[in-house]
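Note sheet for the following structure.
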Amino acid sequence: MSTAATADASSSGDTTEGSVRLLTLQSEDGEVFEVKETIATQSVTIKGMVDDDCATSTIPVCNVTGRTLAMVIEWWNKHEIGAVSNEKELKEWESQFDTIDDKSDRDDVYDLLMAANYLNIPTLLDCCTSAVAEAIKGKSTDEMREFFDIKSDFDEKEEDALRKENQWAFEN
Amino acid sequence: MEQHKAQVDQYQDWSRLSTKRCKQYKDQVRDWSSLPGGVVEKISDSLCLYDYLCFSNVCKSWRSYQEETLQLHCNRSCGFPCLVMPKETESETACCVSLLEKNKLLQLEMPTSSGGLFWGCIKDWLIIVKPFIKFAIIRMSLLNPFTGSKVDLPNTCSYRTKVVFSGYPGKQNCVYMLFSYKGTGYDVWIPEAKDWCRCCLEEGTDDVLIDLICFKGCFYLLTKEL
C-alpha cells in the first residue's frame, strides 16, 4: 500500500529518495529547497499540509527568507531522530544560539523566532525564546530598549507614569 | 560516510547561499516590538517577576500580555509588596523595605498613625490599632500609606482575628466585617453607622468560624462543625 502511494506521488511530479518522499519548499525570496518529508514534518504547519495531502507541489514558505530557511533545515537535520548520536552533542550544537549579545546573532535569532512561529516548530521556538529570555535577565527597561533597538511607543504621559510608578525598572 | 559527506556538501551549499544573501538581509531592520503575541507570551513565561516587570515596560506590545494576565490592580496600581517595619512609638514615619526594588528603603510618613500598632494589611491598606486599656477599648483605623487616606472604624473591645472589607475603603458602599477565629459571631459595619453590628451564626448549630473572606463584593464565612 505504502509503495503504491509513493509511486503515485512520484508520478505526479514528486521526487523520492529511496522510500522517503522529498518535499519542495520555496522561500519568500524564491530559493528552492528539497527536504525529506520525515524531517520537514517537525514543523507542525507542514505536517498539517502533508496530512491533508496539500504538500504535493511546491510549498511556499512566505515570510521566511532563503537564508533563514537554510538555518531551519539545518535545525531539522540536527533534530532528526538518529541524526546526532547523543543528547550532549546536540546541546553543544544548540548552544550556538544561547548568546545573542552580537547584533548578527540577535538578527539570526529574530529571523529564526519568526520562522519557528510561522512554521510552528516547538523545539526551535523553545530554544530561541529561552535565548531571548536569557539576554533579558537582569536588564533594566532602558537597557532592554537599547539592546533590542526598540523605541518606546508610549505617549509622553504614559511614559512618565510608567517611570514614576516603576522607577526601579528603569534604573540598574 | 558517503551520506555524511553529502550532508556536509549540502551545508556548504547553504553557507554559500547564506553569504550571498547575507548582504541583502544585513541591513533589514528587525522590529523586536512586533514579535507575535504567542512569542512574547512564551518569553514572558520564562522570566522571573522582576525581569518580567521590566520587560513589560519596554513597549505597548510587550505590555499587552501583562495587561491581559495581571488584572490584580483593580483600577489603579497598588504598588509593589513592601515590608513595613515596626516604628518607634512616637515617630511619625515608618520604615518600609521594598521587596522588588533592590535594597530600597522608604520612609513612609504616617502622622495619623503615631502611637498605633500595625496589625497587618489588606491590599495596600495598613490596619492600625490603638489600645486604650483604661477604657477597655481598641481604636481601629485603616491607612493607605501610598495615598495618605485614612478610614476610622468604630471602636471594638477585643482583638479580632481578621478584618475584611467589600470595596474601596472610604467609599460609602464599602462594608466592613470583623471576626474571631473559632468564635460564633461576627461584626458588620457600614459607614455612618454608629457602631459595629453584632451578628451570630444560625441558632442551634454547633459551627464555629474558621475564616472570612470577601471575593468580588461577596462575603464568605468558612465554618467548621465542632
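Take every residue in peptide A:144-151, count the Cβ atoms of other chains within 10 Å of its Cβ, and give the average of those counts.
That works out to 5 on average.
Residues of B:46-57, mean number of Cβ from any other protein chain within 10 Å of their own Cβ, rounded to a whole number? Show your work: numbers first, answer last.
Details: counts 8, 5, 3, 0, 4, 8, 2, 4, 14, 8, 4, 14.
For this peptide, the per-residue mean of nearby foreign Cβ atoms is 6.
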Between the Cα axis of helix A:66-79 and the main Cα principal axis of chain A, the angle (0 to 90°, nearest 10) is 70 degrees
Expressed as a whole number, the average count of other chain Cβ atoms within 10 Å around the Cβ atoms of A:132-138 is 6
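Note the per residue figure in Å³ for the convex hull of the C-alpha positions in the stretch A:2-151. Don't jump to the answer; show the numbers that get you there.
Values: hull volume 17.7 nm³, N = 150.
Dividing the Cα hull volume of the stretch A:2-151 by its residue count gives 118 Å³.
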So which of A:Lys157/B:Lys171; A:Lys103/A:Lys157; B:Lys171/B:Lys194; A:Lys47/A:Lys103; A:Lys139/B:Lys123 end up more than 26 Å apart, counting from Cα to Cα? A:Lys157/B:Lys171; A:Lys103/A:Lys157; A:Lys47/A:Lys103; A:Lys139/B:Lys123
With the charge dipole of chain A built from beta-carbon charges (+1 for Lys and Arg, -1 for Asp and Glu) about the Cα centre, the Cα from A:Asn120, A:Trp76, A:Phe170 projecting farthest to the positive end belongs to A:Trp76
Between B:Asp211 and residues 5 or more places away or on another chain, the pairs with built amide H atoms under 5 Å apart involve B:Leu222
Residues with amide H under 5 Å from that of B:Cys121, placed H, sequence gap 5 or more: B:Ile127
Helix-only CD estimate at 222 nm, as mean residue ellipticity for chain A, using -39500 (n - 2.57) per DSSP H run (n ≥ 4): -16500 deg cm²/dmol
On C-alpha positions alone, give me the angle between the axis of helix A:2-11 and the longest principal axis of chain A, in degrees, nearest 10. 80 degrees
Mind jotting down a quarter of the surface of the convex hull over the alpha carbons of the stretch B:116-226, in square nanometres, one decimal? 7.5 nm²
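What share of Cα pairs, in percent, lie more than 11 angstrom apart in the stretch B:185-226?
71 percent
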One finds, for A:Glu143 and A:Arg163 with R0 = 22 angstrom and r their Cβ-Cβ distance, a FRET efficiency to the nearest 0.05 of 0.95
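Each value in this text was obtained by applying a stated rule to the coordinates, not by laboratory testing. Values in this document were obtained by computation on a predicted structure and should not be read as measured data. As a convention, Cβ positions derive from the backbone with ideal geometry for all residues, glycine included, and neighbour counts pool all protein chains shown.
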